[in-house]
Amino acid sequence: MSSYSENNRLITVHTIKEMAARGEKISMITAYDYSMAKLVDAAQIDIILVGDSAANVMAGFSTTLPITLNEMIYHASSVVRGTKRALIVVDLPFGTYQGNSKEALCSAIRIMKETSANAVKLEGGKQIVESVARILSAGIPVMGHLGLTPQSINKFGTYVVRAKEDDEAKTLLEDAHALEDAGCFAIVLEKIPALLTKKIADELTIPVISIGAGMYADGQVLVLHDMLGITEDFSPRFLRRYLNMGEQIRNAVKQYVKDVKSGDFPNETEQY
Ligand code: KIV
């Protein structure tokens, strides 16, 4: 019989590696709260990412930079309470790991201790391998993140596709190998050409998961609010919308306002 406890969910980092090895695509989505986590978990998602995109879709910031470790811990512990099956990965937010590997370890330990999540995700390549190794030495699985890394938006200047030029593609490939060698169990590739993703996926033994990085990855990740159509002002080519929830929510609330104003709500059966 399968069983789970607070931090012993059915999908583990080993399950994820096995899925990729047998050619089964990995499904990953973001969530930031208990109710949404419960819904996406019931839909059999493999990995829930408590992304620092919470800064954008939950808090309304224009970048991911402002979110704090305490805020990520609040979101992640809410997600953990709603999740029985999926592996839960939590972003280390900007400014909590770039200083040195000890800082990175302390931040990762706080996430694991205070949320009962299963793994952390860090952005960057060769420059973070020491931190990756140190976090792993404490028994904490690490997911990498390369390509368009939103925490570096001030360096990039725009959110356009990364690594179209040979030099950047070469560096990215080297970074992917460095992260695999350092012990990452998987890597997210964001907004890079599909053929570069193919090359990386072919060369690496660990799974690569795409967001806007094409069909050759071992899995796909989307931001929940984007694919549900809650964020309506964001329409990159890679985004497939599965619902128009923004419109549906507006219409539902408009109807509620109308019903309250007209005295239609509540009726006799909706009172005590
Ligand atoms: O924070 C996030 O949602 C992410 C995804 C874009 C992969 O890192």
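The values are calculated or read from the model by the stated rules, or taken from the named source; none is laboratory data. Everything numeric in this text was worked out from a predicted model, so none of it was measured. FYI the Cβ positions are ideal-geometry reconstructions off the backbone, even for glycines, and counts take in every protein chain you see. Please note that ligands, DNA and RNA were not included when accessible areas were found on the heavy atoms of the full protein model with its side chains. Shrake-Rupley method; radii C 1.70, N 1.55, O 1.52, S 1.80 Å.
Anything in the stretch 178-191 that is out of contact with any helix residue (DSSP H, G or I) (no Cβ under 7 Å at 6 or more places or on another chain) and either within 13 Å of Gly124 (Cβ to Cβ) or surrounded by 15 or more Cβ atoms within 10 Å (Cβ to Cβ) (or both)? List them, or say none.
Of everything in the stretch 178-191, those that are out of contact with any helix residue (DSSP H, G or I) (no Cβ under 7 Å at 6 or more places or on another chain) and either within 13 Å of Gly124 (Cβ to Cβ) or surrounded by 15 or more Cβ atoms within 10 Å (Cβ to Cβ) (or both) turn out to be Glu180, Val188, Glu190, Lys191.
Condition check: buried (at least 24 other Cβ atoms within 10 Å of the Cβ), of a type in the set (Ser, Thr, Tyr) and in contact with an Asp or Glu (Cβ under 8 Å, 6 or more places away or on another chain). Does Thr64 satisfy that?
no
Output the residues belonging to the stretch 24-79 that are closer than 20 Å to Ile111 by Cα, more than 13 Å from the ligand (Cβ to nearest atom), part of a loop (DSSP other than H, G, I, E, B) and β-branched (Val, Ile, Thr).
Listed by number, the list holds a single entry, Thr68.
Kindly indicate whether Ile111 is within 16 Å of the ligand (Cβ to nearest atom), in a helix (DSSP H, G or I), touching a helix residue (DSSP H, G or I) at 6+ places or on another chain (Cβ under 8 Å) and aliphatic (A, V, I, L, M).
Criteria met by Ile111.
Out of curiosity, is Ser131 within 16 Å of the ligand (Cβ to nearest atom), polar (S, T, N, Q), in a helix (DSSP H, G or I) and open to solvent by less than 40 Å² (accessible area, probe 1.4 Å)?
no
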